[in-house]
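A.B. asks: Just passing along the structure, written as structure tokens.
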Amino acid sequence: MQPQALRLSEITISNLRSIQRQTFPLSGFTALIGYNNAGKTNILMGIRWLLSKFSLDISYFDNPNEPVEVEGVFEGITENVLNRLGEEKAAQIKPFLINDMLRIKKVQRVPGEIPENVEIWAFSPTNKRNDKRKDWVRTDDEFRHAFKRMFPESIAIWDFEGNQAFTKLLHEIFKPLERRFGGEFNDILSKFNDLLSPHGENQAAEIKSFDHDVNEKLKPLFPSVHVELNIPIPTLETFLKTATLKVIDEDDGFERDINRMGAGSQRAIQMALVRYLSEIKKHHNNHYLSRTMLLIDSPELYLHPQAVELIRVALKNLSNEGYQVVFATHSAQMVTSEDVSTSLLIRKNKERGTYMRKRMEDAVHQVIQDAPSQLQMLFSLSNSNELLFADYVLLTEGKTEWRVLPALFERITGQSFALIKCALVRQGGVSNTRKSMQVLDAMDMPVRAIVDLDYAFTTATRDGFLEVNDPDVKFCRNLFKELAFHQHLRLVNGLPVNKHSNISASKAYAMMAEMPEAEKPIRNIHEKLKAQGIWVWTKGAIEEHLGLEAKNETAWSNFIERSKSQNFVRNLPDYDSIIALCQWIIDGSRET
């Protein structure tokens with residue numbers, strides 16, 4: 001079994017702005033998805049604060065009388081990683097490891113506390129003195145230095161970070177330069193250190209004179225104090241960390257600092273650096289011996305759709321080359337089917353503050369025990385990443401609904417699915433209806449489904465939505481026998497099939513629904529399923545209700561074009577049912 005990659009796998013944030021107390025699982029590439037002001041940036045800030053040395057002012061405290069706490073679970077700290085740390089640093093980490101996992105907690109009790117007083121704790125499986133259980137141990141500088149070698153300070157890209165994002169990205173890009181020339185450069189600087197240091201053998205005469213003369217002047221004023229000039233000697237790393245960019249206008253040659261550029265220009269240059277970093281890190285073969293967090297708020301900001309795709313690919317590549325990427329987004333283009341299942345749906349309300357709905361991956365595992373079925377369900381739902389940006393999901397069985405319902409709904413109601421925050425999701429097959437609804441329910445995502453009439457006879461009883469001996473279903477089954485006798489319809493287990501039959505199964509259901517004696521039992525079936533969040537087409541399928549003669553792109557396009565005409569709605573073959581459907585869809589959005 002391949003070892004777990006080094007990463008921050010989970011973070012629990014307490015009392016940080018809108019986050020009262022919530023735990024967020026993280027993957028190597030995690031999208032935080034939610035509406036404005038849901039608290040996505042607060043999650044990014046919690047991660048950044050855990051890995052950095054700075055203090056939070058009062059604006060970050062949800063309750064100023066309670067501490068802010070952030071706890072992280074770090075996985076993948078294997079023997080290989082520890083060996084690369086070196087014996088001394090590994091010895092600082094090992095006592096706190098449980099199955100290659102380390103738990104760190106950062107606590108700030110007072111707003112505006114000096115950074116040195118902010119507490120950092122590590123979970124300890126045992127107390128080395130008496131071998132008794134001890135939960136948390138306050139860490140020292142040696143432990144923190146060792147930890148930082150594995151998880152260095154994060155790179156944060158969002159509006160209020162200013163120029164720091166540029167300098168950190170540049171430092172990452174030029175780390176190979178530091179490795180190649182750092183030793184040589186530092187040798188040169190050590191010669192300057194010998195000249196400038198108060199204890200250097202070749203201290204410059206000017207420095208010696210300064211120290212002597214100033215202390216002579218100080219002695220009458222403060223006899224017990226002696227001063228020495230201290231000039232810090234920079235390293236190549238120091239220079240790289242202070243690097244920035246100047247922007248040159250190619251038209252007039254005008255130069256300006258990057259921090260004087262507009263927000264759109266700054267973001268474009270930041271993302272260009274991200275793309276460049278992705279390119280030079282390709283096949284870097286890091287083996288996750290260290291893991292840098294890359295935290296980005298709205299990477300798609302100010303970018304056109306093609307550029308958004310380029311940035312998504314670059315970030316995905318970086319997540320495979322020693323970086324753990326966590327980003328907040330409003331764009332469905334930033335999340336492909338590959339990453340939908342581990343994306344976090346972030347929401348906020350007055351009672352709970354910022355919280356997350358269960359991840360799709362976790363919900364599927366909770367609902368479905370069989371591994372192949374899990375994969376099938378994940379594939380089915382993940383291909384509709386729009387559901388991550390909605391508050392309500394409407395499942396459809398066929399492609400016709402998926403193609404024509406948006407235009408039909410907007411024409412009748414004057415509202416779009418986006419406006420009522422509804423995602424129209426086409427299922428992989430009607431047999432997934434029950435499981436899909438269970439998965440979405442486990443995600444705390446309101447859901448309804450639209451199905452053809454045959455669902456009531458073939459699947460609804462198995463799914464538990466109708467009783468096995470439902471009298472209305474039994475009555476309609478007898479009608480099929482009558483149709484089979486008069487129309488030479490082929491039945492298997494009392495229901496129509498396509499194989500070896502002149503009449504398709506879908507046509508047979510439509511024919512049965514047209515029989516006058518079928519009207520009442522089908523209406524009863526419709527109401528029973530509707531009460532459980534399922535709309536069944538009473539005429540067989542949507543095509544019969546809309547007067548569509550085919551299930552192809554030409555028919556769908558022509559219908560959408562006709563829907564723009566003035567008298568379209570009143571000319572629908574089943575106007576009343578379509579109006580009722582639209583109202584049912586709106587009612588579902590109001591229940592969220």
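A.B. asks: Which value, in debye to the nearest 20, gives the size of the charge dipole of region 191-231 about its Cα centre, when Lys and Arg are +1 and Asp and Glu are -1 at the Cβ?
C.D. replies: The dipole magnitude comes to about 100 debye.
A.B. asks: Pull up the cross-link candidates among the lysines for Lys217, meaning alpha carbon to alpha carbon under 20 Å and not fewer than 8 places away within one chain.
C.D. replies: Within the straight-line cut-off, Lys217 pairs with Lys208.
A.B. asks: For the ranges 299-308, 453-462, what's the packing order if you count other beta-carbon atoms within 10 Å of each residue, average per peptide, and put the highest first?
C.D. replies: Descending mean neighbour count gives 453-462, 299-308.
A.B. asks: Kindly identify region 50-118 as rounded, prolate or oblate by the Cα gyration tensor criterion: order the square roots of the eigenvalues as a ≥ b ≥ c, call it rounded if a/c is under 1.5, otherwise compare a/b with b/c, prolate if a/b is larger, else oblate.
C.D. replies: Prolate, because a/c is 1.5 or more and a/b exceeds b/c.
A.B. asks: For helix 175-196, report the angle its Cα long axis makes with the longest principal axis of the Cα atoms of the chain; keep it between 0 and 90° and round to the nearest 10°.
C.D. replies: Approximately 20 degrees, to the nearest 10.
A.B. asks: What do you get when you divide the Cα radius of gyration of region 318-362 by 2.2 N^0.38 Å, with N the number of residues? Display every interim value, and only then the final one.
C.D. replies: Values: Rg = 12.7 Å, N = 45, 2.2 N^0.38 = 9.3 Å.
Compared with the compact-globule rule of thumb, region 318-362 sits at 1.36.
A.B. asks: Compute the Cα gyration tensor for region 254-340, then decide on rounded, prolate or oblate, letting a ≥ b ≥ c be the square roots of its eigenvalues: rounded whenever a/c is under 1.5, prolate when a/b is larger than b/c in the other cases, and oblate in all that remain.
C.D. replies: oblate
A.B. asks: Please report the relative contact order for the chain, taking Cα pairs under 8 Å with a sequence separation of at least 6, and give it as a percent rounded to a whole number.
C.D. replies: 12 percent
A.B. asks: Still on this structure, I have one more. If you find the alpha carbon centre of region 36-65 and of region 346-360, how far apart are they in angstrom?
C.D. replies: Their Cα centres are 17 Å away from one another.
A.B. asks: In straight Cα distance, which lysines are under 18 Å from Lys564, not counting same-chain residues fewer than 8 positions off?
C.D. replies: Within reach: none.
A.B. asks: So how do 478-491, 197-210, 36-49 stack up, highest first, on mean other-Cβ count within 10 Å?
C.D. replies: Sorting 478-491, 197-210, 36-49 by mean packing, highest first, produces 36-49, 478-491, 197-210.
A.B. asks: Another question, then. Report ³J(HN,Hα) in whole Hz for each residue of region 446-456, in order, from the Karplus equation J = 6.51 cos²θ - 1.76 cosθ + 1.60 where θ = phi - 60°; Gly and Pro get x.
C.D. replies: These are the phi-based 3J(HN,Hα) values: x, 9, 9, 9, 10, 9, 6, 4, 5, 4, 4 Hz.
A.B. asks: Using just the helices of the chain, give the 222 nm mean residue ellipticity in deg cm²/dmol: DSSP H runs with n ≥ 4 each add -39,500 (n - 2.57), and the total is spread over all residues, rounded to 500. Before the final figure, lay out the partial values.
C.D. replies: Values: 22 runs with 245 residues, N = 592.
Result for the chain, helices only: -12500 deg cm²/dmol.
A.B. asks: Whole-Hz Karplus ³J(HN,Hα) for region 94-105, in order, using 6.51 cos²θ - 1.76 cosθ + 1.60 and θ = phi - 60°, x for Gly and Pro?
C.D. replies: 3, x, 9, 8, 10, 6, 6, 10, 10, 10, 10, 10
A.B. asks: As an exercise, find the ratio Rg/Rh for the chain from alpha-carbon atoms, using the Kirkwood inverse-distance average for Rh.
C.D. replies: In the chain, Rg relative to Rh is 1.12.
A.B. asks: Would you mind pulling out the separation of the Cα centroids of region 540-591 and region 442-464, in Å?
C.D. replies: Distance between centres, Cα-based: 21 Å.
A.B. asks: Still on this structure: Between Glu591 and Gln333, with labels modelled 7 Å along Cα→Cβ, what's the label distance in nm to one decimal, could you check?
C.D. replies: The answer from the label model is 3.5 nm.
A.B. asks: Taking 7 Å along the Cα-to-C-beta vector as the label spot, tell me the Val137-Trp584 distance in nanometres, rounded to one decimal.
C.D. replies: 6.3 nm
A.B. asks: What is region 1-103 by shape, rounded, prolate or oblate, if you read a ≥ b ≥ c off the alpha carbon gyration tensor as root eigenvalues and call it rounded for a/c under 1.5, prolate for a/b larger than b/c, and oblate otherwise?
C.D. replies: It comes out prolate by the Cα gyration axes.
A.B. asks: In what sequence, highest mean first, do 108-117, 440-449, 508-517 appear when ranked by Cβ atoms within 10 angstrom?
C.D. replies: 440-449, 508-517, 108-117
A.B. asks: Run the reach check for Lys175 against aspartates and glutamates, Cα to Cα strictly under 20 Å, same-chain hits fewer than 8 apart removed. What comes back?
C.D. replies: Within the straight-line limit of under 20 Å, Lys175 reaches these aspartates and glutamates: Glu153, Glu184, Asp187, Glu237, Glu279, Glu321.
A.B. asks: Same structure again: Work through the residues other than Ala510 whose Cβ is under 9 Å from its Cβ and net out their charges, Lys, Arg +1 and Asp, Glu -1.
C.D. replies: Values: positive: Lys507, Lys539; negative: Glu514, Glu543, Glu544.
That works out to -1.
A.B. asks: Okay, next question. Between Lys551 and Tyr575, 0.36 nm times their residue separation minus their Cα-Cα distance comes to what?
C.D. replies: Details: separation 24, 0.36 × 24 = 8.64 nm, distance 2.01 nm.
That pair, Lys551 and Tyr575, stretches by 6.6 nm at full extension.
A.B. asks: Take the residue pairs Lys148/Lys358; Lys481/Lys507; Lys481/Lys530; Lys435/Lys474; Lys53/Lys168 and return only those whose Cα atoms are more than 23 Å apart.
C.D. replies: Working: Lys148/Lys358 31 Å; Lys481/Lys507 15 Å; Lys481/Lys530 27 Å; Lys435/Lys474 25 Å; Lys53/Lys168 15 Å.
With Cα atoms farther than 23 Å apart: Lys148/Lys358; Lys481/Lys530; Lys435/Lys474.
No lab work stands behind these numbers, since they all come straight from the coordinates. Since the model is a prediction, treat every value here as computed from it, not as a measurement. Here Cβ is always computed from backbone atoms with ideal geometry, including for glycine, and neighbour counts include all displayed protein chains.
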